[in-house]
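Here the structure comes first, spelled out in structure tokens, and everything after it is commentary.
No value in this document is a laboratory result; all are computed from the given coordinates. A quick note: this is a predicted structure, and the numbers were derived from the prediction, not measured. Note that we place each Cβ from the backbone using ideal geometry, even for glycine, and neighbour counts take in every protein chain shown.
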Amino acid sequence: SSGINAEYGGPNTAAQSIRTLTEFHKELNLTVQVVMDNFMCIEDIKFFCKEDELEWKPLLLVIPLRLGLSECNNIYIDNVKHCFEIEQSVGAVGGRPNSAFYFIGYQNDKLLYLDPHVTQESLCPDDIDLDNIPDETYHTKKVDLLPWDQLDPSIAVAFYCKTEESFDDLCQQFQDTITGGSGSLFEMVEVRPAYMTPPRRTPVDKLLENYTAEYDEVNTEDAASDSDGFEIISNS
């Protein structure tokens with residue numbers, strides 16, 4: 001409605017929000033890392049996943065991509081498909097102008113997606129019979145298809161690595177497929193270049209202050225690059 005004040009947030013904004021919120025909930029035992037500027041440093045990601053330098057914390061790796069200016073360049077299509085073929089893939093977020101979708105795979109040159117805005121009835125934990133769980137609302141009988149030429153060029157692919165071995169395997173698959181050739185999706189290096197600032201962990205009591213500044217910066221970037229954002233965030 002015209003009376004609702006709203007702003008658009010693209011995949012990058014969503015990824016940064018998930019990363020920051022996860023920092024507030026250590027009980028999740030999850031590290032969320034967002035690859036920025038199409039540049040991934042393996043050494044830095046491992047730094048955040050091994051806080052005590054011994055035990056690996058499960059990793060959700062989110063890689064925001066820009067696949068063109070106003071439309072997707074066909075040069076990237078094969079490598080985007082490769083992302084869904086990788087074992088550690090947990091899908092991608094993106095869509096078309098003013099619509100946000102969760103992509104789970106592909107068929108020929110069309111992407112398979114679920115619409116996260118379709119709501120389902122929730123279950124009351126106290127009423128659940130563990131031997132007969134009514135899980136119909138956790139599934140869908142419909143998966144939609146979006147042609148490649150309708151996809152907004154801003155998209156974020158995501159991967160989950162429970163162990164360090166899984167992450168090493170993921171990086172090898174990146175090297176073998178999506179980070180090489182003319183359709184490379186991003187650059188990946190093993191060791192941080194000398195000109196880059198070493199990573200540092202932010203104390204929890206500083207997260208809220210930093211989050212406000214980071215959100216403003218990220219949202220400005222999205223406004224500049226994602227003129228056709230996906231998700232409407234209402235301001236109450």
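The table below lists the values:
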{"read-out": "Anisotropy class of segment 95-210 from Cα gyration tensor, a/c 1.5 cut", "value": "oblate"}
{"read-out": "Segment 21-60: relative contact order in percent, alpha carbon pairs under 8 Å with at least 6 residues between", "value": "45 percent"}
{"read-out": "Gyration tensor (alpha-carbon) shape descriptor, segment 115-171, a/c threshold 1.5", "value": "oblate"}
{"read-out": "Where GluC sites (Glu not before Pro) fall in DSSP loop in segment 32-65, at most 15 other Cβ within 10 Å", "value": "Glu51, Glu53, Glu55"}
{"read-out": "Contour excess over end-to-end distance, with Cα ends at Lys57 and Lys110 and 0.36 nm allotted per residue", "value": "15.6 nm"}
{"read-out": "Net lengthening on full extension, Asp127/Ser184 (0.36 nm per residue, minus Cα-Cα)", "value": "15.5 nm"}
{"read-out": "Taking segment 1-106 and dividing mean pair separation by its residue count, relative contact order in percent (alpha carbons under 8 Å, at least six apart)", "value": "20 percent"}
{"read-out": "Anisotropy class of segment 23-167 from Cα gyration tensor, a/c 1.5 cut", "value": "oblate"}
{"read-out": "Two-site FRET efficiency, Ala194 against Asp144, from Cβ-Cβ distance with R₀ of 35 Å, rounded to 0.05", "value": "0.15"}
{"read-out": "Added length on full extension, which subtracts the Cα-Cα distance from 0.36 nm per residue, Phe39 to Asn74", "value": "10.5 nm"}
{"read-out": "Sites Arg96 and Asn29, calculated FRET efficiency, Cβ-Cβ separation with R0 30 Å, nearest 0.05", "value": "0.30"}
{"read-out": "Tally of Lys pairs whose C-alpha atoms are under 18 Å apart, taken over segment 1-155, 8 or more apart or cross-chain", "value": "6"}
